[in-house]
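Written below as structure tokens is the structure these notes are about.
The values are calculated or read from the model by the stated rules, or taken from the named source; none is laboratory data. Treat the numbers as computed from the prediction; the structure is a model and nothing was measured. Positions of Cβ are backbone-derived with ideal geometry, glycine not excepted, and every protein chain shown enters the neighbour counts.
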Amino acid sequence: MHKRRILALAFALAAVSAVAGTARAQAAQTHTAFTLSNAASGNRVIVFDRGSGGRLHRVGSVDTGGHGTGVNLSSEGALALSPDGGRLYAVNAGSNTLSVLGVSGDHVWREQVIGSGGSQPISVTASWNRVYVLNAGDGSVTGFRVTSHGLARIAHGHRALAASGSGPAQVALTPSGSALVVTNKTTNTIDTLRVRADGSLAHAVAHASVGATPFGFAFTSRGVLVVSDAGEAPSSAATAYRVGLFGGLHLRSGPLQTNQLAACWVATAPNGRLAFVSDAHSGTISAMRVSAHGQLSLVDPSGISGSGGSGSTTLDSSVTGDGRYLSVLVFNAKPGVNSIVTFRIGSGGALTWLNAAGSVPGSTTGLVTG
């Protein structure tokens, strides 16, 4: 009887914890968006609320405790949310650190600042219990374990990329968590690093990119890796791959031309059937269908599903957790500031412009939404 009572109490506590975690996740993921000022004088997370109609408005900002570079990082993933939405991880590229921030709705507070394990961190990826940072300055990846006291370095979790001077752009865990993927713009390669059971990393293995200048990427819920090819002639393109359990890279389709210029950032929809590519030099968004096997096709044959406006540069993008909205960080040359443009995602991937929220500094980089 005593043992049954103990078990019942344990299950009850677990249920309360699960409910609390779910409530916290919903609070963080339903109506918020975050971007990073990347200011050299002091880096800040800028916080936005989303109204019932999908439109964003700025509500405040929080000091990360580090410094940015003052210019766009030319990377994807400068910010990452934990799977439960309760933690936000932000790179401080100017001070070689990573900030951990707590999140509850639009309330954000700094919890920890820790060395990135290298120089010029530009991209971060998070799972339930691990965080990995890409350091562009020395071409390395560093892993951290999530503990009750914050992040702690993983033994043998620091590895150099396959080639020096590779021009890395992004790091992300595969959906299974069995490997890391890093795109390299200069060497036209995609590195994979096997993640061992304890979070330590095997040596990086370089794979030749099928498209030119692999930049940003995102996984679909079906495990398809969609990579932007910023330099694929005659315009720019996207290519789909599968990543094997031990880090093998397998082509599925592409490069598919966007018919636009400089495809750089990628976001995918939760349903696994859509990808959105930011064509930076065209100031446009190319929506793509993604089949279960990784076949890519344009939603609009022109490659233009949305626009950031005349003379704009479309940058980081993110799809909300419910799949209803796409938000895009947009640089406007005049007056030299950024805004966040939001689109409603229609049936089949069509985009409808909703609003532009800002203004935020022209150095702003990274975007995550719930």
Fill in: For residue 67: the one exception among (1) outside any strand (DSSP E or B); (2) surrounded by 19 or more Cβ atoms within 10 Å (Cβ to Cβ)
(2)
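Being of a type in the set (Ser, Thr, Tyr), surrounded by 24 or more Cβ atoms within 10 Å (Cβ to Cβ), more than 18 Å from the chain's Cα centre (by Cα) and at pLDDT 95 or above narrows it down to one residue among 166, 236, 200, 228; which is it? Outline the logic, then answer.
On the way: 166 fails: surrounded by 24 or more Cβ atoms within 10 Å (Cβ to Cβ); 200 fails: surrounded by 24 or more Cβ atoms within 10 Å (Cβ to Cβ); 228 fails: more than 18 Å from the chain's Cα centre (by Cα).
On inspection, the qualifying residue turns out to be 236.
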Item to complete: Give 354, 367 a once-over and let me know the one that is within 20 Å of the chain's Cα centre (by Cα) and closer than 24 Å to residue 48 by Cα.
Response: 367
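Could you check how many residues of the stretch 160-188 are over 23 Å from residue 366 (Cβ atoms) and either in a strand (DSSP E or B) or touching a residue at least 60 places away in the same chain (Cβ under 8 Å) (or both)? Quick ask: steps written out before the conclusion?
Applying the first criterion (over 23 Å from residue 366 (Cβ atoms)) to the stretch 160-188 yields 160, 162-165, 176, 178, 187-188.
Of the ones still in play, those that are also either in a strand (DSSP E or B) or touching a residue at least 60 places away in the same chain (Cβ under 8 Å) (or both) are 160, 176, 178.
The qualifying residues number 3.
I'd like the full set of residues that are in a loop (DSSP other than H, G, I, E, B) and more than 14 Å from residue 36 (Cβ to Cβ), limited to the stretch 70-112. Reasoning before the result, please.
So in the stretch 70-112, the residues in a loop (DSSP other than H, G, I, E, B) come out as 70-78, 82-86, 93-96, 105-106.
Hits for the stretch 70-112 are 82, 83, 84, 85, 86, 96, 105, 106.
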Worksheet entry | Residue list for the stretch 134-159, restricted to those being within 23 Å of residue 242 (Cα to Cα) and either in a loop (DSSP other than H, G, I, E, B) or over 19 Å from the mean Cα position of the chain (by Cα) (or both) | 159
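Do the conditions hold for residue 339, that is, is it surrounded by fewer than 19 Cβ atoms within 10 Å (Cβ to Cβ), in a strand (DSSP E or B) and either of a type in the set (Gly, Ala, Ser) or within 18 Å of the chain's Cα centre (by Cα) (or both)?
On the way: surrounded by fewer than 19 Cβ atoms within 10 Å (Cβ to Cβ): no; in a strand (DSSP E or B): yes; either of a type in the set (Gly, Ala, Ser) or within 18 Å of the chain's Cα centre (by Cα) (or both): yes.
Taking the combined requirement at face value, the residue does not satisfy it.
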Worksheet item: Among all residue pairs at least 6 apart or on different chains, which show Cβ distances below 6 Å where the first residue, located in the stretch 92-115, is closer than 27 Å to residue 138 by Cα and of a type in the set (Lys, Arg) and the second is in a loop (DSSP other than H, G, I, E, B) and modelled with pLDDT of 95 or more?
Response: 110/65
Discussion item. Just to be sure I understand the filter: pairs with C-beta atoms under 7 Å, separated by 6 or more residues or on different chains, first member in the stretch 300-322 and on the phi > 0 side of the Ramachandran plot, second member in a loop (DSSP other than H, G, I, E, B) and basic (Lys, Arg). Which pairs pass?
Written reply: 311/334
